[in-house]
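Below is one structure, written out as structure tokens, with a few remarks after it.
Computed from the coordinates by the stated procedures, all read-outs in this text should not be read as laboratory data. Keep in mind that this is a model prediction, so the values were computed, not measured. Cβ atoms come from the backbone with ideal geometry, glycine included; neighbour counts cover every protein chain shown.
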Amino acid sequence: MSSHYPFLRVASLAAFAAAAVALVQPVGAQTAQQAALSGSLKAEAPRPEAPRPPENATAAAAHPGNAAPVDQGNPAQKGIATKAIEKAREVAKSAGDIFARVPCQGPKGVAKSMGSLPHVAKKLVDGQPVLIIAFGSSSTQGYGSSAPEYTYPNRLLAQLKRNYPTADITVLNRGKGGEDAPEMMRRLQTEVIDMKPDLVIWQVGTNALLRNLDQGETAKLVEDGVARIQAAGSDVVLVDPQYSPRVNEKAEGASKMIKVLNRVAELRKVGIFPRFEVMRDWHEKQSIPIDTFVISDGLHMNDWGYACFAQLLGDDIIKSVGAIKLGVAVPSDVRTYRPM
């Protein structure tokens, strides 16, 4: 399975060294994020905004091996610069080897089909720009990742660009921590529909489950949202809750939420990526420890989790688009991971 992981871009030598150390020690890097989660509020939290780089640091941050000018007459500064560059290279190699340490594999013995994605396929065939919007809460926003490059929308974009190198593909991240269907519906028009996307990947249901929201009401809101997205001419793929300790504490509710979302997908004839079942397979059948793909808050994915999720989701999108481009008839009601 091919992979591509962009080097981290830094604002200055000092910031670069700090970012490198934070990545090598992920628990420390996540402290600020995890502090946003209280013991009583079991919902997906917003990711803190990263500090803006100084305006004069652009050139220094262009490549990991390029540093700001060093005062050669100052041995201490030269030593710090050398160590920062070495540390940055170690971090980049570590990020690039993420799947070498733990291979990314989907569930075995099942056929993967995202169903029909006609709008995306037509745009690619016609050589027109393709816009994908990742809509959801904090696991779309990227809470738990060590850098913006490692959120699932950015990982997905990198994979699609590798497979369609001449295509003009954009993936917009419209994730907002702590939200579920009620809050998302309030920004659906302006942040999603008005952008005229070709595909909307809608991750929903986790916060509704953790906040004990009425699942029937959630189903109505999601169905209405999907209908509005379809009416605007976009393909839709739903993503259900993640398999993680805090979700598993509400096992009965999680099972019901997954059924609710599958029912909406069936009614509206859209794809659904079964994130819960995929992640459960990692742990229960592939024997991957949970802390390999979930951070210490017991809820959000880490770099490996987001990367593998994006890889498998991207594989499904690529196969579905490829089938349509080749003229293979894909029934509109075929959804993902149906048994062979």
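Some points to look at:
- Separation of the stretch 222-280 and the stretch 125-164, taken as the distance between their Cα centroids, equals 19 angstrom.
- Take each peptide in 194-203, 218-227, count the other Cβ atoms within 10 Å of every residue, and average; sorted highest first, the result is 194-203, 218-227.
- Over the stretch 104-339, relative contact order from alpha-carbon pairs under 8 Å, at least 6 apart, %: 33 percent
- Each residue of the stretch 201-217 was assigned a 3J(HN,Hα) from its phi angle through the Karplus expression (A = 6.51, B = -1.76, C = 1.60, θ = phi - 60°), giving 9, 10, 8, 8, x, 5, 5, 4, 5, 5, 8, 6, 6, 5, 6, x, 5 Hz with x at Gly and Pro.
- Three-way shape call for the stretch 104-339 based on the alpha-carbon gyration tensor, with the a/c threshold at 1.5: rounded
- Based on C-alpha pairs under 8 angstrom that are at least 6 apart in sequence, the stretch 174-231 has a relative contact order of 45 percent.
- Taking amide H atoms as placed 1.01 Å from N in the peptide plane, the amide H of residue 171 lies under 5 Å from those of 132, each 5 or more residues away in sequence or on another chain.
- Here's how it looks for residue 238: its modeled amide H is under 5 Å from those of 202, 271, 272, 273, which are all 5 or more places away or on a different chain.
- Residues whose placed amide H lies under 5 Å from that of residue 205, excluding near-sequence neighbours: 181
- HN-Hα J in Hz across the stretch 126-143 - Karplus 6.51, -1.76, 1.60, θ = phi - 60°, x for Gly and Pro: 7, x, 9, x, 10, 10, 10, 10, 8, 10, x, 10, 6, 6, 7, 4, x, 4
- Taking 18 Å as the limit for the C-alpha separation, the pairs 220/256; 161/196; 108/259; 220/269; 250/285 exceed it in the case of 161/196; 108/259; 250/285.
- Whole-Hz couplings from phi, Karplus 6.51/-1.76/1.60, listed for the stretch 273-282; x for Gly and Pro: 9, x, 4, 4, 5, 4, 5, 5, 4, 3
- Förster radius 22 Å - calculated FRET efficiency between residue 187 and residue 220, Cβ distance, rounded to 0.05: 0.80
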